[in-house]
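**Q** Let me give you the structure first, and then I'll get to my questions.
Read-outs: derived from the displayed coordinates by stated rules, not from any lab. Just so you know, these numbers come straight off a predicted model, no measurement behind them. For neighbour counting, all protein chains shown are included, and Cβ atoms are generated from backbone atoms with ideal geometry for every residue, glycine included.
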Amino acid sequence: MKVGYKAAAGAALLAMALTACGGGSGDKPKAESSQAAQEQAAALPGSTINPVSYEQVADGGVVKLGLSQWQEQWNYNQVNGTNASTDDVIEPLMPLIGIADDKAEVTNNPNYVTEWKMDLGSGKQVVTYKINEKATWSDGTPITYKDFVAQWKALNGENKKYQVSSTEGYERVESVEKGASDKEVVVTFAKNFPDWKGMFSPLYPASTNDTPEHFNKGWIDKIPVTAGPFKVESMDQTAKTATLVRDDKWWGQKPKLDKVIFRAIDQTAMIGAFANGEIDAVEIPANAADLKRAKEVPNVDIRKAAAPNWRHFTINGSSEQLKDKSVRQAIVLGINREAIAQSDLKDMDWPIQLLNNHVYMNTQKGYVDNSGDLGKYNPEKAKQLLDAAGWKQEGEYRKKDGKELNLRFIVPADLALSKQEGELTQAMLKEVGVKVTVEPVPGDKFFDDFIIPGNFDITPFSWLGTPFPLNGLSQIYKTPTGPDNYGSNFPRIGTPELDQVIEQAGGEMDPAKAMELGNQADKLIWDEVHTLPIYQRPDIHAAKKNLANYGSFGYADKDWTKIGFTK
């Protein structure tokens with residue numbers, strides 16, 4: 001499936017004035033009232049993309065878009081590839097078996113699967129897919145059941161040499177077999193999986209899923225095979241640019257655009273590139289100055305929507321100084337999340353409210369505040385926990401066995417907002433005797449060299465979600481099978497109790513009961529202090545007014561055949 005969550009370093013990561021220290025317990029910023037923020041959130045549209053009928057979009061044209069970072073790994077299902085930049089480029093190129101609208105309703109994509117059906121009559125969950133007879137990979141190989149089989153085997157977790165970001169759904173499958181023909185797939189589940197509509201999206205060819213070597217290394221610095229309305233014309237590693245053109249072999253609706261150009265642009269230069277006409281749209285997740293500048297660009301349209309995306313701090317429970325849960329709890333009690341949210345979102349015309357759930361967004365059905373006492377800023381309690389854990393105040397900072405409590409707060413060097421969040425955290429935790437060292441690292445190495453290998457103590461980034469909120473549970477919070485299979489569980493911690501609830505939630509076919517289990521899991525995640533949610537991340541784009549069917553999609557998938565410019 002489209003993995004439950006994809007990581008985005010850039011998410012909300014642009015320069016902003018330091019507006020609040022929030023260090024002292026008596027110096028809390030004044031956030032919007034909860035009711036006002038909730039009303040503002042409820043008014044957010046499901047999507048804002050300048051919807052225009054296919055007939056009214058001009059034939060031809062080139063759309064230019066920015067990437068927050070340049071990728072080496074273009075296999076989205078591989079742990080190093082599950083991020084926003086990979087997703088942006090492969091969406092026009094690779095099969096999405098299911099497609100979502102802005103209400104998070106998912107239907108089969110007829111370009112690839114003309115029909116799907118789920119049956120429980122045999123006592124087991126069985127899903128049958130009928131593959132479009134015309135669906136073919138760019139190397140001329142037909143898309144068949146073999147591709148589904150290979151993807152299942154690569155992602156089901158049985159062969160640990162496949163470095164996958166998530167096994168969600170695939171590990172519940174008993175068999176994937178040929179149906180009445182090569183173009184029919186029968187998937188039988190050993191354990192029920194209600195979110196089956198999200199599986200096999202994106203689908204990769206059997207030829208690149210057949211061995212761990214092909215899976216892990218076959219998509220490094222290249223996109224060897226495609227099956228979408230566009231194909232790769234060139235990948236310029238030096239210019240960090242991917243150029244896509246129409247694929248004349250595409251069997252579906254002809255795309256309107258002639259060409260799509262993606263270029264990696266330093267975050268600090270992104271808004272300037274848009275203002276100068278170098279790109280046709282830009283995301284502005286949390287930067288009031290950039291939003292103001294974007295509004296001043298001639299013929300601009302500001303588009304925003306509620307999306308399943310959230311800003312957070314990942315806290316490395318495998319780090320030597322954070323292995324003790326009580327220390328992690330002290331750390332979050334010493335962080336004033338309201339100060340950070342107020343600082344990040346000030347003047348963004350976006351609800352300034354804390355996110356107190358790891359599974360459901362503020363705007364989403366199922367949302368409950370499960371944060372309890374750990375969600376409240378309480379530096380005095382933080383001090384008590386640190387004292388009890390043996391970290392005694394000696395001068396400015398605390399020590400234990402002669403070693404100073406010093407946490408590395410890793411941030412991408414080109415993302416000033418992350419640095420600002422680090423400096424706010426540094427000031428707050430100093431008041432409870434914890435030293436925080438803000439360490440900028442190269443943006444293009446942020447995930448590969450620091451976050452994925454566990455080379456950090458605390459780090460801020462965003463998770464970008466899908467219409468399947470429970471899928472992220474296994475991906476991010478299930479106890480790692482390590483040492484080389486942490487998936488997206490970057491803190492590298494978990495508990496048997498949480499694993500059991502995740503297992504139950506993942507197989508619960510009753511939506512109401514599944515929601516209850518999701519919230520049970522959230523309470524356990526809060527207690528474990530795995531990840532500290534901050535706020536539901538803004539989905540705000542500035543775009544040229546005549547750019548059609550593109551912008552802030554919310555929960556919806558893009559239709560790259562309709563994106564283009566109005567006549």
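**Q** Pop out the ³J(HN,Hα) list for the stretch 232-246 in order, Karplus 6.51 cos²θ - 1.76 cosθ + 1.60 with θ = phi - 60°, rounded to Hz; leave Gly and Pro as x.
**A** The phi angles translate into 7, 8, 7, 10, 9, 5, 6, 7, 6, 10, 10, 10, 10, 10, 3 Hz.
**Q** Once you place label points 7 Å from the Cα toward the Cβ at Thr437 and Gln504, how far apart are they in nm?
**A** Each label point is offset 7 Å from its Cα along the Cβ direction, giving 4.3 nm.
**Q** I've got another one for you. What lysines sit close enough to Lys231 to cross-link, taking a C-alpha to C-alpha distance under 18 Å and skipping anything fewer than 8 places away on the same chain?
**A** List returned: Lys64, Lys134, Lys222, Lys240, Lys249, Lys254, Lys256, Lys259, Lys558, Lys562.
**Q** If you don't mind, another one. Using 10 Å bins from zero, what percent of all Cα-Cα pairs in the stretch 462-541 falls into each bin?
**A** 17, 49, 29, 5, 0
**Q** Given the convex hull of the Cα atoms of the stretch 94-221, what is a quarter of its surface area in nm²?
**A** Taking a quarter of the hull surface, the average projection is 8.4 nm².
**Q** What ranking do 421-431, 60-70 get when scored by the average of other Cβ atoms within 10 Å per residue, highest first?
**A** Going by the mean number of other Cβ atoms within 10 Å, highest first, we get 421-431, 60-70.
**Q** Only counting other Cβ atoms within 10 Å, I'd like Asp119, Asp247 sorted with the fewest neighbours first.
**A** Asp119, Asp247
**Q** Related question: Using the Cα gyration tensor of the stretch 211-290, with a ≥ b ≥ c the square roots of its eigenvalues, what is the shape: rounded (a/c below 1.5), prolate (a/b larger than b/c) or oblate (neither)?
**A** It comes out oblate by the Cα gyration axes.
**Q** Subtract the Cα-Cα distance of Glu177 and Lys295 from 0.36 nm times their separation in residues, and report this length gain in nm to one decimal. Don't skip to the end; give the middle numbers.
**A** On the way: separation 118, 0.36 × 118 = 42.48 nm, distance 5.32 nm.
Residue separation times 0.36 nm, minus the Cα-Cα distance, leaves 37.2 nm.
**Q** Evaluate the distance, in nm, between pseudo-label points positioned 7 Å from the Cα of Thr211 and of Asp373 along their respective Cα→Cβ axes.
**A** 5.6 nm
**Q** On to the next question. Quick one: 3J(HN,Hα) in Hz for the stretch 455-471, Karplus 6.51/-1.76/1.60 with θ = phi - 60°, rounded, Gly and Pro as x.
**A** 8, 5, 10, 9, 8, x, 7, 10, 9, 9, x, 10, x, 10, x, 6, 5
**Q** Pull up the DSSP beta bridges for the chain and report the antiparallel fraction as a percent, rounded to 5. Walk me through the numbers before you get to the answer.
**A** Working: 66 of 82 bridges.
Here the antiparallel bridges make up roughly 80 percent for the chain.
**Q** Please give the length that would be gained between Glu380 and Asp221 if that part of the chain were fully extended, namely 0.36 nm times their separation in residues minus their C-alpha to C-alpha distance (nm, one decimal).
**A** Full extension from Glu380 to Asp221 adds 52.2 nm.
**Q** Further, regarding this structure: Consider a paramagnetic label point 7 Å from the Cα of Asp248 along Cα→Cβ; state which residues of the stretch 134-166 have an amide N under 14 Å from it.
**A** none
**Q** Normalised by the empirical 2.2 N^0.38 Å for globular proteins, what value does the Cα Rg of the stretch 342-437 take?
**A** Against the compact-globule rule of thumb, the ratio is 1.33.
**Q** Now, a different point. Please compute the modelled spin-label separation between Lys124 and Thr141, points set 7 Å along Cα→Cβ, answer in nm with one decimal.
**A** 2.6 nm
**Q** OK, next. Counting helices only, and only those DSSP H runs with n ≥ 4, report the 222 nm mean residue ellipticity of the chain as the sum of -39,500 (n - 2.57) divided by its residues, in deg cm²/dmol to the nearest 500. Please list the in-between numbers first.
**A** Values: 13 runs with 127 residues, N = 567.
After summing the helix terms and dividing by the residues of the chain, the value is -6500 deg cm²/dmol.
**Q** If you don't mind, there's one more thing I want to ask. What translational diffusion coefficient, in µm²/s and rounded to a whole number, does the Stokes-Einstein relation yield for the stretch 308-536 at 4 °C and a viscosity of 1.567 mPa s, taking the hydrodynamic radius as the Kirkwood radius over Cα pairs?
**A** Reported coefficient: 72 µm²/s.
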